[in-house]
1. Of ILE75, ILE147, how do they rank once you tally other Cβ atoms within 10 Å and put the fewest first?
2. Less than 9 Å Cβ to Cβ from GLN144, Lys/Arg counted +1 and Asp/Glu -1: what total charge do the surrounding residues give?
3. For LYS196, list the lysines whose Cα falls under 21 Å from its own Cα; do not include residues on the same chain fewer than 8 positions away.
4. At a Förster radius of 25 Å, what calculated FRET efficiency corresponds to the Cβ-Cβ distance of GLU288 and VAL203, to the nearest 0.05?
5. Set the Förster radius R0 to 35 Å, insert the Cβ-Cβ distance between GLU26 and ALA257 as r into 1/(1 + (r/R0)^6), and round the FRET efficiency to 0.05.
6. Which net charge results when you count Lys and Arg as +1 and Asp and Glu as -1 among the other residues whose beta-carbon is under 15 Å from that of GLU297?
7. Less than 22 Å apart at the alpha-carbon level, and either on another chain or at least 8 residues along: which lysines does that give for LYS253?
8. Give the peptides 109-116, 273-280, 5-12 in descending order of average Cβ contacts within 10 Å, highest first.
Amino acid sequence: MSRCFFRCSYEVAELGRHLREAEEFEFSFDRPRPCVVHLSKSYWDRQPSDAASAICAAETTEDAIDDMTDFVNGILDELSSAMIPTVAVFRWRCGLTEGPPSPCRNLRGFCSNDGESWGEVSMARAMSLSLSFGIPTRSSLPTQHAIGNEVAGFIKTGTTEKPLGRQLFREAWSERETRPRSALVIGVAAAEVGFKKLVGTLVPQARWLMDEIQTPPLGTMLRKFLPTLPVKFGSPPSVLLNQLDEAIKRRNKLVHAGQPPPKKSELEKMLRAVNDFLWICDMYAGNEWAEEYVSAETRMAWASPRAKSK
């Protein structure tokens, strides 16, 4: 029986800014079918439509069957379903926190009978992703050696997207200029969701209470409840807690009293505090790599989380 070869690719806007010219990340999966997913500035003979973008691509092989139409479309759909969470988890792991949640654009699929001559398959998809800037990120991404197995491991164990709090933060940041009210409300919700998720992770028996019962205000929980949790690092610095308090206070006045949203500079300061808090929640949950994405200001005020834990 002959073998068929399949490839699927899409562009990831702005990711190319973070990749070196010859840098490539490779992730291997065995579900939904064995395949390899690649992230690089270009792949095969495909170049992104602009220099700031990158290519996410996946490939696999399968035995040919008589009725290939639905078969081909099914395999390409499975490749696409492997690529989307790979990009989502990769951006979370690498600290690329900004941009709307839509994961891809210009999706293309190909198949071949010999692995050399390729025919394009119509992919009726409309996907786009865009990353904006304004929150400091690493000057370079972690290496393939550092995160290759880690990203694949997250996905294999069921982490197919960024934590919900991180998704909400991405939405809040993208709304900060055009819809500041929404940005503030969603940003505070991101912090609240992130903390509830952390409690459910660290104390599974409390997950139902956190999800179903009205909890105290976030500021109260961070000062009174967080110190009782089995976390490796000390409590967040007071300056960060104060910034979160101010964000919550302004959110409440906006929602309940109809007051105007904060000025852009104030709003961005509040959202950056939420961003730092979410990374700290990742640290508490066991992802120590998240410390490098906490802002320098917060890390200095925290007097070195690892030193506090000793």
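1. The order, fewest Cβ neighbours first, is ILE147, ILE75.
2. Result for the local shell: -3.
3. Candidates past the 8-residue exclusion: LYS162, LYS224, LYS232, LYS249.
4. The computed FRET efficiency comes out at 0.80.
5. Efficiency, from the Cβ-Cβ distance: 0.10.
6. -1
7. List returned: LYS263, LYS264, LYS269.
8. Highest mean packing first, the order is 273-280, 5-12, 109-116.
Since every read-out is calculated from the coordinates, none of them should be taken as a lab result. Note that the structure is a prediction, hence the values are computed from the model and not measured. Ideal geometry is used to build each Cβ from the backbone, glycine not excepted, and the neighbour counts take in all protein chains shown.
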